[in-house]
Amino acid sequence: MEVFFTQLTNGLAVGGIYALIALGYTMVYGVLKLINFAHGDLFTIGAYLGLSLLTSLALTDHVGAAAGIVILAVMVMGLVGVIGILLDRAAYKPLRTSPRLSAVVSALGASIVFSNTVMLVYGPNPRVYPQGILPTQVFEVFGLSVPVMRFVILAASVILMIGLYVFIQRTKIGTAIRAAAIDQDAARLMGINVDRVIMLVFFIGPALGGAAGVMVGLYYGQIKFTMGWIYGLKAFTAAILGGIGNIPGAMVGGLLLGVIESLGAAYISMAWKDAIAFFVLILILIARPTGLLGERVAEKV
Amino acid sequence: MKPDADNIRKGAYAAVAVLWILAPLYLDKYWTDVLNNVAIYAALGLSLNIILGYGGMFHMGHAAFFAIGAYTTAIVNTAWGVPVLWLMPFAGIAAGVFAVAVARPIIHLRGDYLLIVTIGMVEIVRIALVNNVFGITGGANGIFGISSPSIFGRQINGVVAPGHYFYLLTVFLGATIILFSLLEHSRFGRALKFTCSDEVAATGSGINAAGYKLAAFVIGAVWAGMTGTLYAAKIGFISPESFSFWESVIMFMIVILGGSGSIPGVLLGAILIIGLPELFQGLQQYRLLIFGIVLVVMMIFRPQGILPPAPRKYPVDKLEKQEVSL
């Protein structure tokens, strides 16, 4: 029971992070039908930018831990969002009408460029986040101890997800995004500036990924320039699990994958932890390619 | 005869072939070994080209088949002392059997989904190797002491005499080129390319699209497995590091940059991606960064690769003769 509970809360915390990254994949896929392979590396960039800003500005010393983290997250989200827009301009926009493989290869190239730029700037060794910013207390429920940090991480990702959901469902711009995802040409005829929508999607998705990067830095305390692709792949699995192109699906998929992985690591094998996500990915693509919440009947997969 | 484009191209290929064959005479050991690596990756690129170039399947897990071939060789050779060259067909069969098992359920997946699944596959294989699956892969340390190939009782050691190993690899690569160009122009190759360009029309013409795609996957896997034997025997040591996702990316880039579906293109790709960086040792750490930029720029300005396949020719004079003979 103890182990189960620990792994469950850990899985939910990690799952929230997967879900945030997965949202970036799913939003871009929804509008452009493109797997943005460079998304995982935008997440890495977020983690490293967060580290730089955290150590150089010392925000948490001036305004306190909570406000400092919020300001930091907003700054990182803005910066990574802008990088996302630049990525689209440089690597994807010229390929809008090209065959699918061209855009996929270009995305892969962009991913290599990002991860190697991070390596050249910050060095190939793992970097350490300053410790003791998030509360380290452990809190007791029914005799089971849970680090408060896990709740903070989960709460932060849930708040961001709810914010995004409300934005997509309740605002005019959100409606435009949904319309562009369903039918770009029809949306254009209705007076929606689809290019603007794509730009916005390439801002929001990477911004959420960047926030996830900061969260990983704070949660695990250590970041590496290669971590982007494994997180990216798992987040993509989460997006598929929930049904790609489906925003609530990415959230559910992320949390579910986090829990499956963490329970699998505890009860099956720690050494096979990374493989579990890939087995889930393969199984879901074979058995139910539209994902759990995939009511959108996508094109033939 | 006027030197038209076709003859110039043939002349250039012949010149490159002669330069290649004479290479150990004018290159030192280090550079010969670089060419050995080029040859191994060229063979891998050509085997991936069957799947990716002719079959149009975005397969980014080719390192898995390469790994299975290399590990089959290493395990059997170190355990029972079977000569490595004898193991080549078995390495190929092992990789082929694995390919059938893996590809059958995923072969119908569309483009980018297949890409993701094959990435998952290669990672699972690597994790399995690191975790010392069945207790035979040696875990993260890999397997040492694989013996060198011997032909007519003569040892060909890839470390001591890279020049000798070079000719072994050149014979293998030459056989690969000849076989695969025959395959390309055979009924099989035509059907596969037709399936790739329009699966519905191909099925409508009576082509078993799924069957051909699976066959392409298996042929590519068998060849990558056999190349794995030569890789394992070259330095006598293999570890999971050599079969990571990045190896698959490198093979993928060789095919895409050189020219998907074109044998000369893939060979050029192998030279550029494996050989060229050796000339710029000082820029070693920028290597991948430059590759990434090149990939993006190529996709924007020349998505078909540097040497795309030449369009098939139907010479009018020969056609008329045929009609007369009818």
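State all residues of the range B:97-137 that are closer than 29 Å to B:L85 by Cβ, in contact (Cβ under 8 Å) with a residue 40 or more places away in the chain and part of a loop (DSSP other than H, G, I, E, B); if no residue qualifies, say none.
The answer is B:I136, B:T137.
This table checks each residue for (1) within 14 Å of chain B (Cβ to nearest Cβ); (2) within 20 Å of A:L208 (Cα to Cα); (3) basic (K, R); (4) surrounded by fewer than 18 Cβ atoms within 10 Å (Cβ to Cβ).
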{"site": "A:L51", "(1), (2), (3), (4)": "no, yes, no, no"}
{"site": "A:A58", "(1), (2), (3), (4)": "no, no, no, yes"}
{"site": "A:R89", "(1), (2), (3), (4)": "yes, yes, yes, yes"}
{"site": "A:T136", "(1), (2), (3), (4)": "no, no, no, yes"}
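Give just the number: which of (1) over 21 Å from the mean Cα position of the chain (by Cα); (2) modelled with pLDDT under 80; (3) over 30 Å from B:D198 (Cβ atoms) does B:A128 not satisfy?
If we test B:A128 against (1) over 21 Å from the mean Cα position of the chain (by Cα); (2) modelled with pLDDT under 80; (3) over 30 Å from B:D198 (Cβ atoms), just (2) comes out false.
Of the residues in the range A:262-296, how many are under 16 Å from A:I244 (Cα atoms) and more than 21 Å from the chain's Cα centre (by Cα)?
Residues meeting the conditions: 6.
Going through the range B:140-156 one residue at a time, which ones are surrounded by 14 or more Cβ atoms within 10 Å (Cβ to Cβ) and without any contact (Cβ under 8 Å) to a residue 60 or more places away in the chain?
Passing the criteria: only B:I156.
Working carefully through the options A:S111, A:S115, A:S106, A:S102, find the one that is surrounded by fewer than 22 Cβ atoms within 10 Å (Cβ to Cβ), of a type in the set (S, T, N, Q), within 14 Å of another protein chain (Cβ to nearest Cβ) and under 30 Å from A:L34 (Cα atoms).
Testing whether each residue is surrounded by fewer than 22 Cβ atoms within 10 Å (Cβ to Cβ), of a type in the set (S, T, N, Q), within 14 Å of another protein chain (Cβ to nearest Cβ) and under 30 Å from A:L34 (Cα atoms) leaves just A:S102.
Could you check how many residues of the range B:28-57 are over 30 Å from B:P309 (Cβ atoms) and not aromatic (F, W, Y)?
Residues that pass the stated criteria total 4.
Quick one: which helices (runs of 4 or more DSSP H) lie wholly within the range B:208-326 and hold at least 1 residues that are at pLDDT 85 or above and buried (at least 24 other Cβ atoms within 10 Å of the Cβ)?
B:209-235, B:245-258, B:263-270, B:287-301
State the number of residues belonging to the range B:84-124 that are of a type outside the set (S, T, N, Q), crowded, with 19+ Cβ neighbours inside 10 Å and within 20 Å of A:A235 (Cα to Cα).
Adding up the residues that qualify gives 13.
Quick check on this structure: which one of B:A74, B:A64, B:A91 is touching a residue at least 12 places away in the same chain (Cβ under 8 Å), among the small types (G, A, S) and under 29 Å from B:L307 (Cβ atoms)?
B:A64
Can you tell me which residue among A:V31, A:V80, A:V113, A:V118 is farther than 30 Å from B:S260 by Cβ and of a type outside the set (G, A, S)?
On the way: A:V31 fails: farther than 30 Å from B:S260 by Cβ; A:V113 fails: farther than 30 Å from B:S260 by Cβ; A:V118 fails: farther than 30 Å from B:S260 by Cβ.
That would be A:V80, the only listed residue that is farther than 30 Å from B:S260 by Cβ and of a type outside the set (G, A, S).
The values are calculated or read from the model by the stated rules, or taken from the named source; none is laboratory data. From a predicted model like this one, the values you see are computed outputs, not experimental measurements. Please note: Cβ atoms are built from the backbone with ideal geometry, for glycine as well, and neighbour counts cover all protein chains shown.
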